[in-house]
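Shown next, in structure tokens, is the structure this report addresses.
The values are calculated or read from the model by the stated rules, or taken from the named source; none is laboratory data. This one's a predicted model, so the numbers in the text were calculated from it and none came from an experiment. Virtual Cβ from ideal backbone geometry, glycine too; neighbours counted across all protein chains shown.
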Amino acid sequence: MNAQTTDQTTDQATGQPSGDRTPRVVFACVRNGGRSVIARVLTEHYARGQVVALSAGTQPGERIHPEVAHALAQLGLDTSRERPQQLTPEMVAASDLAITLGCGEACPYVPGVTYRDWPVDDPGGQDDATVRRIVADLDIRVRDLLHELAPDFPLAPSVLIP
């Protein structure tokens, strides 16, 4: 899959087409308090602007799961600005790829957007070891996705490697 599409805007300095636009991925789960937040934060951390990541939920909760915030903070990843938000068809349509993480049939379908489902356990209410396992699972998946979307971009080492 080639998630990069041609941007029809022009470079202000040269007047020439600006080239490929930055791939956009939306991660969706039910409450937007766990899996989708982990995936978005990891993507933004590793991609450093090469891929834009959003996260949203089909039934967003009031806050991200505290156990998720704790696990990510232990890895040096900040979640203080994360707020659950409603997944909308417009959000999906603005993305090249929609990755669902347990939201099932409630996720809006938008023609032309590539969908993938990552069957990942819900970290909400889980013990530290389980949340770390879920973060490790998503870390592998996100890194593989970034190798696919930006194959020439060198990724920093995994946050899970001490």
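Does the range 83-106 contain at least one residue that is modelled with pLDDT of 95 or more, touching a Cys at 6+ places or on another chain (Cβ under 9 Å) and farther than 16 Å from G33 by Cβ?
yes
Identify all residues within the range 111-122 that are buried (at least 16 other Cβ atoms within 10 Å of the Cβ) and over 14 Å from D139 (Cα atoms); write none if there are none.
Passing the criteria: V113, D122.
Please go through the range 62-95 and give me each residue that is aliphatic (A, V, I, L, M) and closer than 21 Å to T114 by Cβ, ordered by number.
L87, M91, V92, A93, A94
So Q74 clears everything in (1) at pLDDT 95 or above; (2) surrounded by 23 or more Cβ atoms within 10 Å (Cβ to Cβ) except one condition, right? Which one?
With respect to (1) at pLDDT 95 or above; (2) surrounded by 23 or more Cβ atoms within 10 Å (Cβ to Cβ), Q74 is out only on (2).
With respect to the numbered conditions (1) surrounded by 22 or more Cβ atoms within 10 Å (Cβ to Cβ); (2) on the phi < 0 side of the Ramachandran plot; (3) assigned to a loop (DSSP other than H, G, I, E, B), which one is the sole condition not fulfilled by N32?
Looking at each condition in turn, N32 falls short on (2).
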